[in-house]
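These notes concern the structure reproduced below.
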Amino acid sequence: MRVVDRLRGREGYAEAKRALRRCAEWSKVQREKGDNPYSMLEDGSDESGLFIYIGYIDMEEEIEQVWDCVVSTVAYAAYLGLCI
């Protein structure tokens, strides 16, 4: 089982899977600039992006750790994009 699959059935699961898939595709072709992977984390609004799933007060510790992994992976892809 993949770590992200622990989010199955929870809000944000589809967004997490899509973001990780885009990062995997990006790492193969590296055509996007770093700001594109970053836009999956935050788009300037308070209503979208993966950052909105971090820090829910009543979130189980395991689920919070999964979100930390997802967000860290996307952030690292964005960082690599800036370094290319």
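The values are calculated or read from the model by the stated rules, or taken from the named source; none is laboratory data. None of the values given here were measured: they were computed from a predicted structure. Ligands, DNA and RNA are stripped out before the accessible areas are found, and what is left, the full protein with its side chains, is counted by its heavy atoms. Shrake-Rupley method; radii C 1.70, N 1.55, O 1.52, S 1.80 Å.
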How large is ³J(HN,Hα) for each residue in the range 10-15, as worked out from phi by the Karplus curve 6.51 cos²θ - 1.76 cosθ + 1.60 (θ = phi - 60°), to whole Hz, x for Gly and Pro?
10, 4, x, 4, 4, 5
Largest first, how would 23, 69 line up by accessible area (1.4 Å probe)?
69, 23
A correct Karplus calculation of ³J(HN,Hα) over the range 71-82, with 6.51 cos²θ - 1.76 cosθ + 1.60, θ = phi - 60°, whole Hz and x for Gly and Pro, returns 5, 5, 5, 5, 5, 5, 4, 5, 4, 4, x, 6
